[in-house]
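What follows is a set of notes on a single structure, which appears directly below.
The values are calculated or read from the model by the stated rules, or taken from the named source; none is laboratory data. Predicted, not measured: the structure shown is a model, and the values here were computed from it. So basically every Cβ, Gly included, is an ideal-geometry build from the backbone, and we count neighbours across all protein chains shown.
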Amino acid sequence: MKRIFSIATLAILAMTVTFTSCKNKKSTPKKEGEVLLTQYCSGPDYFSNKKYFRANAIGESLDQMTARKKAMSAAKEQLAGDINTTMKVVGDNYVKSSEFNNKEEVLERFESNARTVVNQSLSGTKTICEKVTKTTEGKFKYYVAIELSGDELVGKYNATLKKDENLKIDYNYEKFKETFDKEMEKMENN
């Protein structure tokens, strides 16, 4: 009888251990697969729109200030690239719609002025988001988003173009602004 009791006790004990271990396996999350990361200063609130050119970047370094410099440098580089691309399209479309006799020369002057204005304007960028984290390796990770007003850029561009005696004759601010606004509208819709 004792032997039957021991076998029954062992069987119950084995079933309890089995059920308990299965339950624990189900409730313990696996270490494999994807992990959702939070990227600060990013997302729809930080996209370019019809009023602002925007850019964001991340910098990482063992030194906090170096991480910030890396992030700001990368964001300004992205912003300058986006502005240059937009201004090239605006210049192309403006010159085509105005149909100047010396299209190529006028276009080259517009592009040259655009580069000058972009380089001057980048110093007027506004920081709209900054976050700093520290990684498990002890590095600082700096997140940044910056913006530049489209109206401010067009104003500076207008002032520069008015100084160019050759372009001043053919330049129509209203037509240029209309072309610029159309390109900014496209940016918001993308």
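May I ask you to list the residues in the range 118-145 that are of a type in the set (S, T, N, Q) and either under 14 Å from R54 (Cα atoms) or outside any loop (DSSP other than H, G, I, E, B) (or both)?
In the first step, residues of the range 118-145 are kept if they are of a type in the set (S, T, N, Q); the result is 119-121, 123, 125, 127, 133, 135-136.
Once the filter is applied, which keeps residues that are of a type in the set (S, T, N, Q) and either under 14 Å from R54 (Cα atoms) or outside any loop (DSSP other than H, G, I, E, B) (or both), the range 118-145 yields N119, Q120, S121, S123, T125, T127, T133.
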Original post:
Scanning for something at pLDDT 85 or above and either of a type in the set (K, R) or out of contact with any strand residue (DSSP E or B) (no Cβ under 7 Å at 6 or more places or on another chain) (or both), does the range 98-113 turn up at least one residue?
Top reply: no
**OP:** Quick one: I58 ticks every box in (1) modelled with pLDDT of 90 or more; (2) touching a Ser or Thr at 6+ places or on another chain (Cβ under 7 Å) except a single one, so which number is it?
**Re:** (2)
Original post:
Can A57 be described as under 13 Å from T125 (Cα atoms) and touching a strand residue (DSSP E or B) at 6+ places or on another chain (Cβ under 9 Å)?
Top reply: no
